[in-house]
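K.L.:
Got a structure for you, questions after.
What follows is calculated from the coordinates using simple rules that are stated; it is not laboratory data. These figures come from a predicted structure and were not determined experimentally. Here Cβ is always computed from backbone atoms with ideal geometry, including for glycine, and neighbour counts include all displayed protein chains.
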Amino acid sequence: MQSIYPEKIYPSAKRLIAKMKEDPIFQDVNSDLEVDSAQVNVNIQRDKASTLGITATDIENVFLFGYSYNYVTRIETSIDQYDVILELKPDYQMGMDIFNYLWMRSSVSNDLIPLSAVTKWELGLGASSVNHIDQFPSVTIDFNLAPDVSLEAGLNRLEELRQEVVDPVVLTEPIGAAQTFIESTENAGWLLLVAIFAIYIILGMLYESFIHPITVLTTLPPATLGGLLTLWIFGMPLSMYSYLGIILLIGIVKKNGIMMVDFATENIRTKNMEPREAIYDACLVRFRPIMMTTMAAIFGALPIALGIGASGAARRPLGLVIIGAYYYRNC
C-alpha cells in the first residue's frame, strides 16, 4: 500500500488488516505498520510565518539543531582537536514545554521570533518508522491462506476488501509470490497461443501444406478440455503448474496426431487410398504405439498427481492435467 498522504494510508491499512483478520480465508495476517509511538505533531501557521519572515526550513532547523546531536564545526589546537556539537541539554528534551523557549531569527526584520508565534503543537500517536517503497510512504501486509484456498481466490477476496475499506488515493499492488503469480497468469495465455502458432508453422513446413497442421492441431481441444475437466473434478485451481501441464500436453498429444497424419498421407501417396480410408488405416496401425506412449505418460505423471514427495501438493495439478488430457482424448 502506497500513498503520498500518510494520514490516508495508515487508517486505510488498519481497516484492511482488521477486515482480513475477520475473514477465515486469511491467516497469520501481519504488517510493518506500527502507529503506537508517542509523537509531537507540529503544525505551521504558514501565513503568519511568512509575514514574520520565517520559512519552513527555519522551523526545521530549530528541531534539527535542538534534538539531533548536530556537528557544527571543529576546534583545532596544536595538540588536539574538538568537535563542536549543538543540541539542547537532555533535561530540556523530555517534554514540549521547551518549545515555548525556542526562537528563530526573521529574515525580514532580523528580530528573534518565538516558535510559539508561528506554530501550534499537540501530542499524538504516530508510526515508529516510516517505511518507503519507490520513495513513497508504504505499508506492507503479509498473510497466509487457509488450507485448500488458492492464491487466485485469496487475491480476489483481497481486492473486494480493498474496494470496501481502502481510500481511493491509496495505491495497492501485490508483491512477492502474489506478484509473481499475477504476472505468470497474465502471460500464460499468450505463451499458449505462441506455442500453438509455432507448432502450426513447423508442421506447415514439414507437410508443405496449410491444412495438415490444422488436422494435427484438432487433437488439442479434447485433450485441453479433458485436463481442465479433471482439475474441476478434483477441485484443483488453475495454477502455474496447470498451465505448464497444458503446454506440456500440447507437445505430447501433438506427437500422436503427427503419427497418424504421417501414416495417412503416406497411404494416400503410395497406396492411392481415399483420405477417410487412409486415416482409418492409420488409426488401426498406430493404435498400439500411441497407447504405449499414452500409458507411459500416465504412469509417469501418476506420482505427481498423487502429490508424493516434498511440496507434492503444489504440483498435483500438473500431473492431473496430463492424466486427464490423455484419458479424455483417447476416449
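K.L.:
Which of the residues belonging to the stretch 151-169 are within 18 Å of LYS14 (Cα to Cα), among the charged types (D, E, K, R) and within 18 Å of the chain's Cα centre (by Cα)?
P.N.:
ARG157, GLU159, GLU160, ARG162
K.L.:
Can you tell me which residue among GLY227, GLY189, GLY204 is crowded, with 18+ Cβ neighbours inside 10 Å and either within 35 Å of the chain's Cα centre (by Cα) or of a type in the set (Gly, Ala, Ser) (or both)?
P.N.:
Result: GLY227 is the single residue among GLY227, GLY189, GLY204 that is crowded, with 18+ Cβ neighbours inside 10 Å and either within 35 Å of the chain's Cα centre (by Cα) or of a type in the set (Gly, Ala, Ser) (or both).
K.L.:
Return the pairs, sorted by first residue and then second, in which the second residue is hydroxyl-bearing (Ser, Thr, Tyr), the first residue lies in the stretch 125-139 and is over 15 Å from SER3 (Cα atoms), the beta carbons are less than 6 Å apart, and the residues are 6+ apart or on different chains.
P.N.:
Going by the 6 Å Cβ cut-off, the qualifying pairs are GLY126/SER37; SER128/SER37.
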